[in-house]
Amino acid sequence: MRRLNYPYWTCQIAGWGGYSALGLTIATLADRWRASTAIGFALFFIYSIAITHWFRGLIRRRGWLDLPAARGFPRIFASAIGVGLLLAFLVIVLSQFGGNPFDATAISSTAGGLAFACCLWAGIYVGITRNRRGQVREVELELTLRQTELRALQAQINPHFLFNSLNTIRGMISEDPARARQMVTSLAALLRRSLQATAAQTIPLSEEMEAVADYLELERTRFEDRLRVSLEIDPAARGCLVPVMLVQTLVENAVKHGISNLPAGGSVRVCGIAEGESLLLKVENTGQIRPPDLNGSHTGLANARERLRLCCGERATLDLSGHDNTVTATVVIPRTP
């Protein structure tokens, strides 16, 4: 069912209602109050709305607004003059039947006035419609650019992760073929999820954590006892939407720049909590912040920040902090737009 265009109908009623009221006032002051005159203007109010609404449909059916201005505008305003003359004809004929015949001067002024009024109506309609179409095009262009940026950022992340995983498997093939096969299975599951999520910008946190679990399974095979993992996700947070591969990128960053640099290894803790109108995510790892990490110059962290901004807006934040040999990446995502 088509929704009623309230702004359009409000303008129609207000515009032609005002025109009719002004005409009735002038006619009454020039002569005297007549019921036939009032009836005539009431009828004018009705059929002027009906005819200009039909004219609006004609403009849209013929696609005149889609034409270049040099071609579309002459068609629109020439037709507007024709509509004005049609309204004048109806006014004159109905006045004749109502016992208020028009002389030549009245006929000329009525035709000219209504032709001008219809051209003004057409100008206002064209201006508002073209402005709204321009705004819609800007929004569509912005969305297209945003999707392109997200695809480009994700394309940078996927090969980076794949390269690291394949290197890990390569090192395990000769040392422990059974573990290498297990890692291939985990990698296949992870890549399957990644391919399925290619068309999505955001996914539920529960699905993101499944990918994180597969990734950490790969890394635990490589690091063995050097990597300790804790996943703590609040049930209320599991349905919250997050950018695809956001948490996985932060966990990968924690393992690569934290745990892998420590001979004794360390721990990675992922925590997700729904707090009021926001989702709070924390990825903690044993280690210390080095200057490149603090500035966000690593591709993974920089891309995570940019994808977070594009998907969730300026209110979403990603901060990196260090304290007591622990590095914490904290993400805050509004749960409502």
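Within the shell defined by Cβ-Cβ distances under 13 Å, the residues around residue 265 carry a net charge of +1, with Lys and Arg each +1 and Asp and Glu each -1.
Straightening the chain between residue 58 and residue 70 buys 2.5 nm, computed as 0.36 nm per residue apart minus the Cα-Cα spacing.
Treating r as the C-beta distance of residue 182 and residue 290 and R0 as 30 Å, the FRET efficiency rounds to 0.40. Over all other residues within a Cβ to Cβ distance under 15 Å of residue 54, the charged ones net out to +4, with Lys and Arg as +1 and Asp and Glu as -1.
Mean sequence separation of contacting Cα pairs (under 8 Å, at least six apart), scaled by the length of the stretch 6-138, corresponds to a relative contact order of 22 percent. Reducing the stretch 234-259 and the stretch 28-49 to their Cα centroids gives an inter-centroid distance of 71 Å.
Once every DSSP H run of n ≥ 4 in the chain is given -39500 (n - 2.57) and the sum is divided by its residues, what mean residue ellipticity at 222 nm do you get, rounded to the nearest 500 deg cm²/dmol?
Values: 9 runs with 223 residues, N = 337.
Theoretical 222 nm ellipticity from helices: -23500 deg cm²/dmol.
Against the chain, whose longest principal axis is taken from its Cα atoms, helix 299-312 shows a tilt of about 30°.
In the calculated pair-distance distribution of the chain, the portion above 37 angstrom amounts to 49 percent of the Cα-Cα pairs. Rounding to the nearest 10 and keeping the result within 0 to 90°, find how far the Cα-based axis of helix 69-97 lies from the longest principal axis of the chain. Computed tilt is about 40 degrees. Beta bridges assigned by DSSP with both partners in the stretch 206-334 are antiparallel in approximately 75 percent of cases.
A crude spin-label estimate for the pair residue 133 and residue 22, with each label 7 Å from Cα along the Cβ direction, gives 2.8 nm.
Normalised by the number of residues in the chain, what is the relative contact order in percent for Cα pairs under 8 Å and 6+ residues apart? Reported relative contact order: 10 percent. The angle between the Cα long axis of helix 205-223 and the main principal axis of the chain comes to about 20°, on a 0 to 90 degree scale.
Since every read-out is calculated from the coordinates, none of them should be taken as a lab result. Keep in mind it's a predicted model, so treat the numbers as computed, not measured. As a convention, Cβ positions derive from the backbone with ideal geometry for all residues, glycine included, and neighbour counts pool all protein chains shown.
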